[in-house]
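Before any comments, here is the structure.
Read-outs throughout are calculated quantities, based only on the coordinates presented, and are distinct from any laboratory measurement. This structure is a prediction, so every number in the text was calculated from the model and none was measured. Positions of Cβ are backbone-derived with ideal geometry, glycine not excepted, and every protein chain shown enters the neighbour counts.
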Amino acid sequence: MNDIEIVESFNSRFNKALQIRNKKPIDVVNATGISESAISQYRSGLNKPKRDRLVKIANFLDVNPSWLMGLDVPMENIKTISPLSPKEIECVE
């Protein structure tokens, strides 16, 4: 059985993230290259973005893509850990 639960709609989370990050829809358009009409449809709930666009939007708004999809997870984006140096790799091997 699947334990993943959607607790809020994408468009609600998208609008909430815009407000929290003090961004406007046009900022998302300019930063991601996604059309204004698509962003408008996402905000209204008419459509949801496919994975590649979801990731672009989440990265721009610095939120967790899973949170943006409406899942019950923290909003904060998990930052990538810096790669290991060659010396650190030697120690691991």
Q.
Under a crude label model (7 Å from the Cα following the beta-carbon direction), how far is residue 48 from residue 75 in nanometres?
A. 2.0
Q: Starting from the Cα of residue 15, step 7 Å along the direction of its Cβ; do the same at residue 35; then give the gap between the two resulting points in nm.
A: 2.3
